[in-house]
1. Just to be sure before I move on: is residue 241 over 49 Å from the mean Cα position of the chain (by Cα), farther than 30 Å from residue 150 by Cβ and surrounded by 12 or more Cβ atoms within 10 Å (Cβ to Cβ) in the structure I sent?
2. Only one residue in 131, 168 is of a type outside the set (Phe, Trp, Tyr), part of a helix (DSSP H, G or I) and loosely packed, with under 13 Cβ neighbours inside 10 Å. Which one?
3. Quick check on residue 215: is it assigned to a loop (DSSP other than H, G, I, E, B), surrounded by 11 or more Cβ atoms within 10 Å (Cβ to Cβ) and either among the aromatic types (Phe, Trp, Tyr) or not assigned by TED's automatic domain parsing to the domain that holds residue 123 (or both)?
4. Does residue 175 fit the bill of being touching a helix residue (DSSP H, G or I) at 6+ places or on another chain (Cβ under 8 Å), small (Gly, Ala, Ser) and assigned to a helix (DSSP H, G or I)?
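The values are calculated or read from the model by the stated rules, or taken from the named source; none is laboratory data. Here the structure is a predicted model, which is why all the values come from computation and not from measurement. Ideal geometry is used to build each Cβ from the backbone, glycine not excepted, and the neighbour counts take in all protein chains shown.
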Amino acid sequence: MLARLHDLQTTVQTIAATTLWAGNSTQARKFADTATRAHGFLIDWGRADNRLHLQTVMCATVEAWTDALARHEGKPVPTPVAPQMPVAVGATAPAKAHTIWDAFGAWKALEIERNTKTVNKFEHSCRWFQDAMPDRSLESLTHADGDMIVTALKAWAHEEDRSATTADNIRQCIATILAVAVRKGMCGVNPLQGTAIKRDKSKREPWTLQELQHLFDHPLFTAYTLPRTVKAGLDAAYWLPLLSLFSGGTQQ
């Protein structure tokens, strides 16, 4: 058995040495390709600089089988020193993973005028996102997460007795925040791009003739008595109901 093992080692070492001498890198390429693919790399072995690496693999293979043969014959074989991992010059620590609040800050920093109500609305949407995906960084998001977020929003709206329109508003806010994150390099994709939640149709009943008569019997319309506060609309309080009634405007 030992003799057969020795003969096998000798044969393999001879084949490896002959292959190296002939410049045949087929076996080395199979070994190197399997190893690099296992680490997520796809190498073009046809390039001249990559073929040099194949020669290194071939030499290491011959050396390994030569040492195995010598060790079997009882000869001393020194243990090679473990190679050190290369360190890139000027390498820096890995960047900190970004959160939805980093993106929210970038959105707020844009030179666009926004009222407090809008900022609060977007902040509420970011809080929902954080509660729904507490352990996810923006860098880890993929397109597949878009459907998951939409499904979670629909489930939240059902559980909290909220409308689909409210859920879609949150989706739109988060999509806007993530679009800024993509532009700022905080994440690679915006998973909510191209998504939507079907909004609820209005459940309001049309006004009856009696209700319209009661409305337009108000002194605002009969005597043009405008409201005195600006928030009440001033002239708009008079004209908007008339325009909505006779121009086919929707109830929204």
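1. Values: over 49 Å from the mean Cα position of the chain (by Cα): no; farther than 30 Å from residue 150 by Cβ: yes; surrounded by 12 or more Cβ atoms within 10 Å (Cβ to Cβ): yes.
When the stated conditions are applied, residue 241 does not pass them.
2. Details: 168 fails: loosely packed, with under 13 Cβ neighbours inside 10 Å.
That would be 131, the only listed residue that is of a type outside the set (Phe, Trp, Tyr), part of a helix (DSSP H, G or I) and loosely packed, with under 13 Cβ neighbours inside 10 Å.
3. no
4. no
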